[in-house]
Amino acid sequence: MNSTGATRPDPAPTDDSEESLTPEAKLLRKLRLEVAHESEEGRREVARDWAKPIERRLEEGLAIVGAWCEHKGDGWIEVNCPGQKSRFRSGDMVRVGFGNPLTERAITAFVEEDTSEQLLLHASLREQGLYAAELAALPGERVLDVGLMDLSATVMGALQQVSEGRRGQDRILPLLLGVIRPQVDEGLYRQALAWGASAGLNWNQCEALAVGFATDLCALVQGPPGTGKTRVLAELAGLFAQAGKRVLVTSLTHRAIDNALVAIARRWGRSVLCGKFGGSAPDHPSVESFPDWKSCPWKRFNDGLVAGATPFAAAGARLEGAEFDVVLLDEASQLTVPNACMALIRADRWVLFGDHRQLPPVMRTLSGPELTQASIFGWLAGRGFSTMLTETWRLGPVLADWPSRNFYGGALEPSMVFAHETLMLQRPPKRFQAVLDPAHPRVFCRVTHQGSRRRSELEANVVAEIVAELLRCGMPSREIAVITPFRAQANAIRIALQQLDLDRIPPRDLVVDTVERMQGQEREVVVVSLTTSDPAWVTRLAEFYFQPERLNVAVTRAKRKLVLVGSPSVLEAFPSDPRLREGVALLRSLLAESTPVDLDEI
């Protein structure tokens, strides 16, 4: 209404207005805007980090100064940085230069391996030009900063193919919009069901295998912790390949792809052609490695095969000219719909493996329930063509009960094979007897501190001492993991472990990291450091800290023992949003159902 009281008429719809768009066009517009907004916010975030003084970047773990770099050839760069306290972890992108990231040229590289003493980087030097190759070959000290590589153009290109291509118009968009539904071939279903039973799969796994093999369009396999999702994927990939199908195995991370390819190779050996395209190859003799499809001799064959590649590689030049019959998309609950489209455009059939009750995609512009819907798995879940695996071989009765009730409707059940197994130590503990008592699989070790935010030295020392006692009792370091919400706390715990003179531990054996880095992994013993004891501060961070899916992942990595270390003060957080208060209540119920042990009693 204007100042005279007259009502302005609504603008007439134009050809590109929302009212005139088809459902397909509206969906594509939504997905394109999502990609554009994420790209823009990513650039802003990195620019803000680069603009900070070097002292602040060091304090926040956003940079490493004085790192000695040596080029090992073929884009591999070894970075020696003893005692580094950065946030950089495997899979991160870093900028390798000599000074100011806002003004000076540098190399962009991915972190392939990380320890407190060393980083192993890999850079695509040819794509970055002659200067990058010259800089990499020059040994000496460097400054490492947060890196930026905007791959939104590749995603946009895939969405364009969805918009214009037959596969996008006839299959992908109708599936996403719910216009078409998958159909199952009963003959293939029975065939795969019998195959799964003969391979020793349980009923839910057999059903997931059969639906995946027999669908004409799409199937979802929900795999809660320890239920054998990767085993079903490996069985399905080999079954397709044996039937003469070309299979693309893809996921957002190289780690997930490598785990899947190794599982396939162990199951099928040389009877199935199995190769990785791009990135470092997994360590298995039956998995070949190729830079791209053009260099692969298999392209001349008509036999079935399994190819592993990221969605970005699948949509780019690495797999140019390759045709696939089916795509197996692992960790699909962490892959956004636009990113998933890069893989979907490569075949007419898709089987998605994931769990939308675990970590959602990492996004800068969405939060809360919107994040679950943003993943391709969350988008398609609940439409009647998903199978949930329900028998866990990881979690015993006590460890399985709480996540089963709170995340899986009571359907997750421990396998009776391991139902009575408990923590086994070669020697009885001299310290922390109550914490390490096998009779109590889940313990809340209450540590009194106040005002801690992203880092608690007291709590880090307690965690380090518990780990040291586990090692003294004979627990192999590779069977221990420490999880914390914050990288700063992970660094504090690593330092505390070093001060206990535990350098004899192989650096890659004992995992000390954030929740995100532990999804998909398991250990005999998991110690979770809650870290925070500032209720007002964590209230402002509630969307992140009390995220239910994050908590679910953290507490379901342990096979025999889960030790929760923290201050009860964290439960005093009181977000204004009722949805976020439910997250606080969820953590409160977990701690209330855990065996309490006070630090003063240790």
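The values are calculated or read from the model by the stated rules, or taken from the named source; none is laboratory data. Keep in mind the model is a prediction, meaning the values are calculated, not measured. Glycine gets a Cβ as well: all are built from the backbone with ideal geometry, and neighbour counts include every protein chain shown. Remember, those area values only see protein heavy atoms, side chains included, never the ligands or the DNA or RNA. Shrake-Rupley method; radii C 1.70, N 1.55, O 1.52, S 1.80 Å.
Exactly one residue out of His440, His449 is in contact (Cβ under 8 Å) with a residue 60 or more places away in the chain and open to solvent by less than 60 Å² (accessible area, probe 1.4 Å), and it is His449.
So for the stretch 199-215 (the condition being assigned to a strand (DSSP E or B) and crowded, with 20+ Cβ neighbours inside 10 Å), does at least one residue qualify?
Initial filter on the stretch 199-215 (assigned to a strand (DSSP E or B)): 215.
Next, only the ones that are crowded, with 20+ Cβ neighbours inside 10 Å stay: 215.
Among the residues of the stretch 199-215, at least one is assigned to a strand (DSSP E or B) and crowded, with 20+ Cβ neighbours inside 10 Å, which makes the answer yes.
Tallying residues that are within 18 Å of Leu148 (Cα to Cα), among the aliphatic types (A, V, I, L, M) and either in contact with a Cys (Cβ under 8 Å, 6 or more places away or on another chain) or open to solvent by less than 70 Å² (accessible area, probe 1.4 Å) (or both) within the stretch 78-105 yields 3.
Here the strands (runs of 3 or more DSSP E) wholly within the stretch 516-602 that include at least 2 residues being within 22 Å of Glu459 (Cα to Cα), open to solvent by 10 Å² or more (accessible area, probe 1.4 Å) and in contact (Cβ under 8 Å) with a residue 12 or more places away in the chain are 523-529, 595-598. In the stretch 344-361, the residues that are over 21 Å from Tyr408 (Cα atoms) and among the small types (Gly, Ala, Ser) form Cβ pairs under 6 Å with partners that are assigned to a strand (DSSP E or B) and open to solvent by less than 10 Å² (accessible area, probe 1.4 Å), at six or more places apart or across chains, as follows: Ala347/Val326; Ala347/Val327.
Taking the stretch 88-131 as the range and being in contact with a Gly (Cβ under 9 Å, 6 or more places away or on another chain) and of a type in the set (Gly, Ala, Ser) as the test, the residues that pass are Ala106, Ala109, Ser116, Ala123, Ser124. A single entry from Gly140, Gly168, Gly196 fulfils the requirement of being in contact (Cβ under 8 Å) with a residue 12 or more places away in the chain and closer than 30 Å to Ala490 by Cα: Gly140.
All of Glu45, Glu70, Glu59, Glu24 fail the test of being open to solvent by 40 Å² or more (accessible area, probe 1.4 Å), touching a residue at least 60 places away in the same chain (Cβ under 8 Å) and either under 20 Å from Asp114 (Cβ atoms) or among the polar types (S, T, N, Q) (or both), apart from Glu70.
Of the residues in the stretch 563-572, none is under 25 Å from Gln334 (Cα atoms) and among the aliphatic types (A, V, I, L, M).
Within the stretch 218-275, the residues that satisfy the criterion of being of a type in the set (Lys, Arg) and either in a helix (DSSP H, G or I) or modelled with pLDDT under 95 (or both) are Lys229, Arg231, Arg255, Arg266, Arg267, Arg270. Among residues of the stretch 416-430 that are surrounded by 13 or more Cβ atoms within 10 Å (Cβ to Cβ), those with a beta-carbon under 6 Å from a residue that is among the aliphatic types (A, V, I, L, M) at least six positions away or on a different chain give the pairs Pro429/Leu436.
A count restricted to the stretch 114-158 and to residues that are surrounded by fewer than 21 Cβ atoms within 10 Å (Cβ to Cβ) and in a loop (DSSP other than H, G, I, E, B) stands at 11.
Every condition in (1) part of a helix (DSSP H, G or I); (2) at pLDDT 90 or above holds for Asn491 except the one numbered (2).
Asn80 falls short on exactly one of the conditions (1) touching a residue at least 40 places away in the same chain (Cβ under 8 Å); (2) within 23 Å of Leu121 (Cβ to Cβ), and that condition is (1). The listed residues are Gln205, Gln118, Gln128, and the only one of them that is of a type in the set (S, T, N, Q) and touching a helix residue (DSSP H, G or I) at 6+ places or on another chain (Cβ under 6 Å) turns out to be Gln205.
One line per residue, one yes/no per condition, for (1) surrounded by fewer than 22 Cβ atoms within 10 Å (Cβ to Cβ); (2) in contact with a strand residue (DSSP E or B) (Cβ under 6 Å, 6 or more places away or on another chain):
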| residue | (1), (2) |
| --- | --- |
| Ala343 | no, yes |
| His356 | no, no |
| Leu359 | no, no |
| Val362 | yes, no |
| Thr365 | yes, no |
| Ile376 | no, no |
| Gly382 | yes, no |
| Met388 | yes, yes |
| Trp393 | yes, no |
